[in-house]
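See structure below.
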C-alpha cells in the first residue's frame, strides 16, 4: 500500500485533475474491471490525462462514497493483462507507479493515474480500429470521437510537420508577388550579402522551403507552408477551406462586441500569413513606449514588450492547425493582448512554458520566419514571453487549451502582480481580515478582483502550492463568504461576493455560446465560399452596428441557424455559468421541486440555445439519466423542447426551448 487517504482528499483532487470513479464491484462483489473503464482510459489519454478510482462511487455528482475492493490484486492483474493486449487497448501508457492500491477511509481501492498521451501514441483506442474505438473526454463523460476528429489526430501522429506537403497544381501564379518581394527585402536586410538574395524568385522560394518536389508522386508545387506564407487568401482556401486570420482592436478594458479596428481577408490585401504578421505587429506595437537606447550609434526601437508580442504572434501562426475550424485571432485591448490559434499544443502547456522542448506543428513556417529574424530558437519562445512579461512586473501570462473545438489561447495582461486598486477594493469590504489571511488566500482574492474570476488552474500557474492545499484554501474562502463558487469539478470558478460575476476576458459573452474563462470557445468559422467570418460568429453578431449592409444581410440570412450544442460545462464562460446557475437555483436548491417548477427551469435554461443533458443535470443537481427519462423526453414529446438529434440517448443530445414554449 502506498498511503492512506481520506474521502475528502479524493473530492479535493477532482477540482485539480480529471477524476472518474467506478464502483467496480463485479458480479461476485469481490471487484472487477468494468467494461467502461477502457473508455475512460482512452478518453483521458487522448485529452489531458486524469485519475480513475476503482472501488469508489460518485453518485450523485460530487458525492463520493467508498465501497472498496475485496480482491484488489485480482483487479490490478486484470488491468495489466489488458494493457498488454493490443486487441483490447492500442497503447500502454502506464508503469507500476501509475497503478497503486490505496487505503481510503479504511477500505482498499485502486488508483490508476492516466497520463496524457504523446501525439505519437494518439489516438489511444479500444480494439484494433481507431475509427469507432477512440474516445474523448467531454464534461467528465467519455464520448466516441467522430471520424473527422480521428483523421485529424492520425495526421498529427504521422506528420511531424503539417506544412511540408507539396500541393499538386498549386504554383507560382497562386502567390502574391508583393508579399514575396517584401519578404525578400526583409531577408536581404537581415542577412546582407547572403548568396540567396540574388537568386531568381523561383529558386529563392525553393531554397527557403516554400516550393518543393514530391519525389514519390513525381510532381512539383507549392508546399502548404509556401501557400500559407505568400498565397492569396482565396487560393489558400482551395487547399485549406477553414483558413481564417482575424485581428481586432477593442476600445475598452472589458468584454464586449465593439471594435475600433479590424483586419480580416476582405480582398483589400493578400490575406496571407506574412502580410498578416507585418500588419498586425505594427498595430500591436503602435502605442508602446520605447526607452531611449543606442547600439553601435543607432537608436533601437525595440523593448522586451515588443519582443514578447513578436514571439507570441509568431508562435500563434507557426503552431496553428490550419485544418481546424477555428480562426487565428489576435485581440488588442487597453489592458491586455490575446492570441488564439486552432489546435491544441503538441507539448502540454505546463511543460512548454519551461522551454527546452519543441514540437512545432508547422516547421517550414517556423524556419521561414526565423530566416527573416522573427521567432526564437526551438523551445525558447514561450520562456522569453514569460520572462519579458515578468520583467515589467505584470501578471503572469495565461496559457491554456480548449478541447472542443480544439484551440490554444494566450493572454498577456498589462496589470501589476498585486494591483493597488484591487487590494484597496478588497480591504474596503474585508478590512483587516484580508491582511490576516495566508499569502495564497490573498493572492486568490486579488486575482478574482483584478481578473474577474479565479480558478484552481489559474492559482496552480501562479503559485508553487500543492493542488490539494489550493483546493482546501478555496473551500475555506467560500465557507467564510469571501468567495462564491460556480460549477463543479474542474469547471469550478470563484468570484468575489460584491463583484459583478463576469470575467474581464478578451472576447465578448453571448448567452447561447459556450466560452472559456477568458477567450471565446466557439470562435469564428467560415462560409464555404466566402472570405468573411461565419454568420454566427459572436464577433460579427447579427446586431453588431459596425457591419456593412452587405455583411449584415449575410448575417441575417444565416442567423436563424441554431448554435452548436453546449455539451461541456467547463467550456462555458464563468459569467454565463453564473447566469445559468441563477436560473436553475429554484430547482438545484430543492431536491423535491414540483414538476412545473422543474419544467419551467428547463425552459428558461434552454431558451435560445441547445444545452446538453449533462450540463442541464449539473445545473439542476439531478441525475442525467433520470432527468432525461422523467423530464426531458416527456417535454420533447409534448412539444415544449426540441431535441438536437433524433435518438433520445445520443451522447451528443441537447435541447432548446420550442418557439411556442419560449414565448
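A few points about this structure:
- When 389, 5 are sorted by how many other C-beta atoms sit within 10 angstrom of their C-beta, beginning with the fewest, the order is 5, 389.
- Whole-Å distance, taken between Cα centres, linking region 302-370 and region 200-239: 22
- Entry for region 420-495 at q = 0.11, 0.19, 0.21 Å⁻¹: log10 I(q)/I(0) = -0.24, -0.74, -0.91, Debye formula applied to identical alpha-carbon scatterers, no solvent contribution.
- Cα Rg, Dmax, region 367-450, angstrom units: 17.8, 56
- Length-normalised contact order for region 563-662 - Cα pairs under 8 Å, 6+ apart - percent: 33
- Compactness relative to 2.2 N^0.38 Å, alpha carbon Rg of region 563-662: 0.96
- Highest average packing first - 566-575, 22-31, Cβ atoms within 10 Å: 566-575, 22-31
- Stokes-Einstein diffusion coefficient of region 245-412, Kirkwood radius over Cα pairs, 10 °C, 1.306 mPa s, in µm²/s: 95
- Based on the Kirkwood approach, the hydrodynamic radius assigned to region 4-158 is 15.8 Å, with every pair of different Cα atoms included.
- Mean separation of Cα contacts under 8 Å, 6 or more apart, over the residue count of region 145-294: relative contact order %: 22
- The convex hull built on the alpha-carbon positions of region 172-239 has an orientation-averaged projected area of 4.9 nm².
- Label sites at residue 432 and residue 213, each approximated as a point 7 angstrom past Cα along Cα to Cβ, lie 8.3 nm apart.
- Packing-based ranking, highest mean first, of 224-230, 648-654 given that Cβ atoms within 10 Å are counted: 224-230, 648-654
No value in this document is a laboratory result; all are computed from the given coordinates. Note that the structure is a prediction, hence the values are computed from the model and not measured. Glycine also receives a Cβ, built like all others from the backbone with ideal geometry; neighbour counts cover every protein chain displayed.
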